[in-house]
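Laboratory data are not the source of any read-out in this text; all were calculated from the coordinates shown. Computed from a prediction, not measured in an experiment: that's the story for all the values here. Every residue, glycine as well, gets a Cβ built from its backbone with ideal geometry; the counts of neighbours run over all protein chains shown.
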Amino acid sequence: MTETTLSPGALLGVYARPDFVLTRGEGARAWDESGKAYLDFTSGIAVNALGHGSPVVRDAIEAALDSGLVHTSNLYRTRPGEELASLLVERTFPGSVFFCNSGAEANEAAFKFARRWAGAEAGPERHEFLAFRGSFHGRLFGSLAATDRPAYQEPFRPLMPGVHFADVGNLAAVDEALSGGTVAAVIIEPLQAEGGIRPVPSEFLAALRAKCDEAGALLIFDEVQVGLGRTGTLFAFESAGVTPDILTLAKPLAGGLPMGATLVNEAVARTLRPGDHATTFGGGPLVASVALAVLREISRPDFLRRVRERADHLASRLADLVQAHETVREVRGRGLIQGVVLAGPAAPVVQRARDLGLLLVGAGPDVVRLLPPLNVTTEEIDEAIEVLGRALA
C-alpha cells in the first residue's frame, strides 16, 4: 500500500509540535522516522504508565479482540466494564462508576452529578462550584471554567457560570465561598500538575473534607494526572487519609487507549436516574478489558513498592541537580511526577533536552515536568538526569 504524503497543516494547529515524526516505542524509549531514539519522560503526559509496547496492554488488547466485541454501546451489559467498575469501587470507596473517554469528560460528568445531588438535597440554588488557583481540570466549557488559566478561558467566554476560586491553603476564603449555601461541590487536585507540580498539603485536604461536610457540599478530587500509581500509592488521596465524594480518573487508566472514569459515592449515586447522563463509547468492552489489566498490574503491592523505590532514586538525583545548577530554584512533586523549577523559562530547556534525546514537558512557564513510566529503571533515571543537566548547562 502506498504511503500517504504527510501534510502538517492537515491537522488543526492547536498544538505546536516539533518537526520529527515518532514511529515506534518500547519501554521508556521512542524512535522517530530517522531512527533517532528518545528517552521518553513525558509518558504521553502521564498516560503510558507501563511504557511503550507494554506486554500487559498488548496481551489485553489481543484477548479483547479475540472476543469480537470491540463496541456494543451502553445499551447492553458487558463483563469487562462491570468488572472494572467493581474493582475501582473495591479500591476506593462504596459507590458507582461512570466511564467516558477523557479527563475533561470525567470532570464534566462530576459537575453534572454534583448538581444533580445538590438539587435533590438542597434545591436549585445550590449549583455553584469552588475551585483553586493553579488548577487545571480540562478544556470543555465546565472544566475550563474551573481551570485557573485566564488566557485559555478568554477566547471562549461565556463559560459555565457559578465557579469561584480560592488560594490553596486559604481556609478563610473557603469559608466565605461556602457560607452562602450556594456551592454544590469543591473540586481540587491533590497535586496540582499543570499548575506547576504543587502538592496540596494533607492538612488542607482534611480541612476541606470537614468544611464540605459542615456546609453540605461535595468534595471532588481530580486525579486525572496524578492517580493510579503516579504518586507512589494507587490513588493520590490515600497519603492524605481523606476520601472524596467524587473521584475523577483518566490518563493512565487504559494504558494509552482513551478512557476516563467518574466515581461517585452511594449518596450521589442514589440521586441519578437513567437519562441523566450518557456516553456512546465510554467503558466499551475493548478499552475496559485493557483498563482492567492495567489497574490489576498497577495496584499490585510489589509494583507500587517499586514505584516508590524509583521515586526515591529520582528525588535523590534531582537533589544533586539542584546543587549543580544555579538556574534550578527547587524541585517539587511526589512519586514519579516531579517539577524542576527554574530561574528562567522552561521551554528552551525542554527543547535542548529534546535535541539531546530526552522528551520532557513543561508545567507552567518556569517548570520542567518529569513524568517517566511507572516501571522506569534506575539506569534510565540516571540517563535522564545526565541529559537534563546538559540541557541546563
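The Cα atoms of the range 234-393 define a convex hull whose projected area, averaged across directions, is 11.9 nm². Full extension of the chain segment joining residue 83 with residue 238 gains 53.6 nm, where the gain is 0.36 nm per residue of separation less the Cα-Cα distance. Annotation for the range 46-110: trypsin sites (Lys or Arg not before Pro) lying in DSSP loop with at most 14 further Cβ atoms inside 10 Å of their Cβ are 77. Taking all Cα-Cα distances within the range 127-190, those exceeding 14 Å account for 52%.
Within the range 59-147, report the chymotrypsin sites (Phe, Trp or Tyr not before Pro) that DSSP leaves as loop and that have at most 10 other Cβ atoms within 10 Å. Before the final figure, lay out each step's value.
Details: sites: 76, 98, 99, 111, 113, 117, 129, 132, 136, 141; in loops: 76, 136.
In loop regions of the range 59-147 (DSSP not H, G, I, E or B), the sparsely surrounded chymotrypsin sites (Phe, Trp or Tyr not before Pro) are 76.
Of all beta bridges DSSP finds with both residues in the chain, what is the antiparallel percent, to the nearest 5?
Values: 33 of 50 bridges.
In the chain, DSSP labels about 65 percent of beta bridges as antiparallel.
Just tell me which lysines come within less than 28 Å, Cα to Cα, of residue 36; anything on the same chain fewer than 8 places away is out. Residue 36 reaches 251. Building the convex hull from the alpha-carbon atoms of the range 222-287 and averaging its projection over directions returns 5.3 nm².
Could you give the Stokes-Einstein D for the range 28-165 in µm² per second, using the C-alpha Kirkwood radius, 25 °C, 0.890 mPa s?
Values: Rh = 18.8 Å.
Translational diffusion coefficient: 131 µm²/s.
Length available on full extension from residue 10 to residue 329: 0.36 nm per residue minus the Cα-Cα distance, which gives 110.8 nm. Taking amide H atoms as placed 1.01 Å from N in the peptide plane, the amide H of residue 166 lies under 5 Å from those of 131, 132, 133, each 5 or more residues away in sequence or on another chain.
How much of the pair distance distribution for the range 57-298 lies past 28 Å, counting alpha-carbon pairs only, in percent? Can you show the working numbers first?
Details: 8368 of 29161 pairs.
So the portion of pairs separated by more than 28 Å is 29 percent.
Converting phi to 3J(HN,Hα) with the Karplus coefficients 6.51, -1.76 and 1.60 and the offset θ = phi - 60°, the range 186-195 yields 10, 10, 8, 8, x, 9, 6, 8, 4, x Hz in sequence order, with x at every glycine or proline. Cα centroids of the range 94-139 and the range 350-385: 33 Å apart. Here each label is just a point 7 Å from Cα along the line to Cβ, and for residue 321 and residue 34 those points are 2.4 nm apart. Rounded to the nearest whole Hz, the Karplus-based 3J(HN,Hα) values (6.51 cos²θ - 1.76 cosθ + 1.60, θ = phi - 60°) of the range 167-173 follow the sequence 7, 4, x, 8, 6, 5, 5, with x at glycine and proline. Taking GluC sites (Glu not before Pro) as exposed when DSSP calls them loop and at most 12 other C-beta atoms lie within 10 angstrom, the chain has its longest site-free stretch at 126-325.
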